[in-house]
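S.K.: Please see the structure below; I have some questions.
All of the numbers you see were taken from the coordinates with simple rules; none came from a lab. None of the values given here were measured: they were computed from a predicted structure. All Cβ positions, glycine included, derive from the backbone under ideal geometry; neighbour counts span all protein chains shown.
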Ligand code: FPP
């Protein structure tokens, strides 16, 4: 791996937790638990490598359609992760931010999210962007509404709107994704950071997320480094 040619922003669609558990005769929730443990180890590895931004798809706006028990399990897992398991991120100087809609999320989840972002707000080494109750089409819709509101209030005119305006009204003002990984063999983008992945390289390993370890991540980086990026040129 060439440490001088690392992607600056990596996205991971953490897919296959359910299948990982089912194939082992376990409940789907155990797959999410294993996925969360793997995510901790991956974060450790990714930030040690020197990758400055990691975005993960933790829960989509559509995931609320799942069985209520699975949704509740995930919500409690998020609380546990933000209150306890991700404390090491602050020690690694990683700022935790969230992308998504706040409505529909239980108050105790919002509280844990707010605490996590507040506690790490001055961290400078890297960024961990957690997409939770997130949908890429809603992000574009919410951006359009915010800009329309500013025009209506006379803060800007429609002539002022450019790509900088658009980016600054997304959930987070982050650089575009360089590499998007979706585990489990599915080759879909499923509404993940649509605007920010305009020129992203995609990588679709067959491995289920709980088994997508540091070694597998390095293989993704090596594949990324073999690609020629053209940005339309
Ligand atoms: C998709 O696998 C995974 C999810 C909907 C949840 C991802 C959540 C975690 C890894 C937990 C920890 C995350 C954070 C940020 C604290 P799936 O259930 O759709 O798998 P399947 O396609 O095999 O059913």
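S.K.: What is the extension gain from residue 149 to residue 44, computed as 0.36 nm multiplied by their sequence separation minus the C-alpha to C-alpha distance, in nm to one decimal? Mind dumping the intermediate values first?
M.R.: Working: separation 105, 0.36 × 105 = 37.80 nm, distance 4.04 nm.
Going from the current span to full extension adds 33.8 nm.
S.K.: Measuring from centroid to centroid over Cα atoms, what is the spacing of segment 37-109 and segment 1-22 in Å?
M.R.: The distance from the Cα centre of segment 37-109 to that of segment 1-22 comes to 14 Å.
S.K.: Can you compute the helix-only [θ] at 222 nm over the chain? Use -39500 (n - 2.57) per DSSP H run of at least 4 residues, normalise by all residues, nearest 500 deg cm²/dmol. Write out the running numbers ahead of the final one.
M.R.: Working: 8 runs with 95 residues, N = 233.
For the chain, the value works out to -12500 deg cm²/dmol.
S.K.: Would you mind calculating the gained length between residue 122 and residue 76 on full extension (0.36 nm times residue separation, minus the Cα-Cα distance), in nm to one decimal? Working shown, then result.
M.R.: Values: separation 46, 0.36 × 46 = 16.56 nm, distance 2.63 nm.
Length difference between fully extended and current span is 13.9 nm.
S.K.: Let me make sure I get this right: for segment 1-118, a, b and c are the square roots of the gyration tensor eigenvalues over alpha carbons, sorted descending. Under 1.5 in a/c it's rounded, otherwise prolate if a/b > b/c, else oblate. Which is it?
M.R.: Verdict is oblate for segment 1-118.
S.K.: Something else now. Could I have the simple spin-label model distance between residue 227 and residue 23, label points 7 Å from Cα toward Cβ, reported in nm to one decimal?
M.R.: Placing both labels 7 Å beyond Cα along the Cβ direction yields 2.4 nm.
S.K.: Sticking with this one: Please work out the Kirkwood hydrodynamic radius for segment 110-233, using every pair of different C-alpha atoms, and report it in angstroms with one decimal place.
M.R.: Numbers: mean 1/r = 0.0580 Å⁻¹.
Computed over Cα pairs of segment 110-233, the Kirkwood hydrodynamic radius comes out at 17.2 Å.
S.K.: When N is the residue count of the chain, what does its C-alpha Rg come to as a fraction of 2.2 N^0.38 Å?
M.R.: 1.03
S.K.: May I pose another question? Do you know the relative contact order of the chain, to the nearest whole percent, from alpha carbon pairs under 8 angstrom that are 6+ apart?
M.R.: Numbers: 358 pairs, mean separation 67.7, N = 233.
29 percent.
S.K.: Suppose the chain between residue 164 and residue 91 were pulled fully straight at 0.36 nm per residue; how much longer would it get relative to their current alpha carbon spacing?
M.R.: Separation in residues times 0.36 nm, less the Cα-Cα distance, equals 23.0 nm.
S.K.: Give me the tail of P(r) for segment 164-218 as a percent: Cα-Cα pairs with distance above 15 Å.
M.R.: Beyond 15 Å sits 54 percent of the P(r) for segment 164-218.
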